[in-house]
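J.: I have a structure I would like to understand better, so I am pasting it below and will then ask my questions one at a time.
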Amino acid sequence: MPVNGLAPYDDSNIFARILRGEIPCKKVFENDFALAFHDINPQAPVHVLVIPKGRYVSFADFSSKASETEQAGFLRAVGQVARQLGLDEPGYRIISNMGPHSHQEVPHLHVHILAGKKLGALIVGGTEPPP
Ligand code: 5GP
């Protein structure tokens, strides 16, 4: 079910549990600021999630509350993961869903890195009004 990206942080969310090592992930990268792992339900040949180490519900939460160091470290980590995966050419897409209209499902900030084929239009059905 889509989540409210402004809700208080829930320490039982699935990505918090992955960060604590309580459930496994297929890790591709980790440093002080971020953990990256393969999405369990890939939507493209390459579908990796990058999450900050800190307790942030969404991009809105992170961009308003995280320190400059955390924000810079996380942004750099996203680029580093893409480079490490060899995606700079011919390119990739990064997406971060925030709140119910975006269909955010996990209430811990995550950036999707999608690649490995021509990804097509950014938004399918983009002119349809929300339900
Ligand atoms: P959202 O809709 O919140 O932007 O994306 C959540 C993503 O997390 C989805 O693409 C979903 O497949 C992925 N996901 C949900 N649970 C797990 C899990 O336990 N492990 C991994 N690796 N990915 C997950």
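J.: How many nm is it between the label spots at Ala121 and Met1, if each spot is 7 Å from the Cα in line with the beta carbon?
T.: It is 3.1 nm.
J.: Follow-up. Ignoring ligands, DNA and RNA, what percent of the 1.4 Å accessible area of the stretch 14-115 is carbon and sulfur?
T.: Details: 2950 of 5570 Å².
Roughly 53 percent of what the probe reaches on the stretch 14-115 is carbon or sulfur.
J.: Follow-up. Applying 1/(1 + (r/R0)^6) with R0 = 35 Å to the Cβ-Cβ distance of Glu22 and Arg83, what FRET efficiency is obtained, to the nearest 0.05? Please report the intermediate quantities before stating the final value.
T.: Working: r = 29 Å, r/R0 = 0.84.
Efficiency at R0 = 35 Å is approximately 0.75.
J.: With a 1.4 Å probe and every protein chain left in place, work out the accessible area per residue of the stretch 14-115 in Å², rounded to a whole number.
T.: On the way: 5570 Å² over 102 residues.
On a per-residue basis, 55 Å².
J.: Another question, if that's okay. Calculate the dipole size of the chain relative to its Cα centre from +1 charges on Lys and Arg beta carbons and -1 charges on Asp and Glu beta carbons; express the result in debye to the nearest 20.
T.: Values: 12 positive and 13 negative charges, 57 e Å.
Using Cβ point charges on Lys, Arg, Asp and Glu, the chain gives about 280 debye.
J.: Please build a GNM for the chain, connecting alpha carbons under 10 Å apart, and tell me which residue among Gly86, Gly120, Gly73 fluctuates the most.
T.: Per the Cα network of the chain with a 10 Å cutoff, Gly120 tops the list.
J.: As a test of reading the structure, rank Ile95, Ile18 by solvent-accessible area (1.4 Å probe, protein chains only), most first. Each step should come with its number before you reach the end.
T.: Values: Ile95 50, Ile18 20 Å².
From most accessible down to least: Ile95, Ile18.
J.: Averaging over all projection directions, find the projected area of the Cα convex hull of the stretch 1-47 and quote it in nm² with one decimal place.
T.: Values: hull surface 17.8 nm².
Result: 4.5 nm².
J.: Once the Cβ-Cβ distance between Asp11 and Ala72 is put in as r, and R0 is 25 Å, what FRET efficiency do you end up with, to the nearest 0.05? Write out the running numbers ahead of the final one.
T.: Values: r = 25 Å, r/R0 = 1.00.
The pair Asp11/Ala72 has a calculated efficiency of 0.50.
J.: How large are Rg and Dmax for the chain when only the alpha carbon atoms are used, in Å?
T.: 14.6, 41
J.: Further question: Of the candidates Val106, Val50, Val28, which one comes out as most mobile in a Gaussian network treatment of the chain with C-alpha springs shorter than 10 Å?
T.: Val28
J.: Tell me, what is the percent relative contact order of the chain, built from C-alpha pairs under 8 Å that lie six or more residues apart? Please list the in-between numbers first.
T.: Values: 208 pairs, mean separation 45.6, N = 131.
Reported as a whole number, the value is 35 percent.
The values are calculated or read from the model by the stated rules, or taken from the named source; none is laboratory data. Model, not experiment: these values are computed from the prediction. Please note: Cβ atoms are built from the backbone with ideal geometry, for glycine as well, and neighbour counts cover all protein chains shown. To get the accessible areas, we keep the full protein, side chains included, count just its heavy atoms, and leave off ligands, DNA and RNA. Shrake-Rupley method; radii C 1.70, N 1.55, O 1.52, S 1.80 Å.
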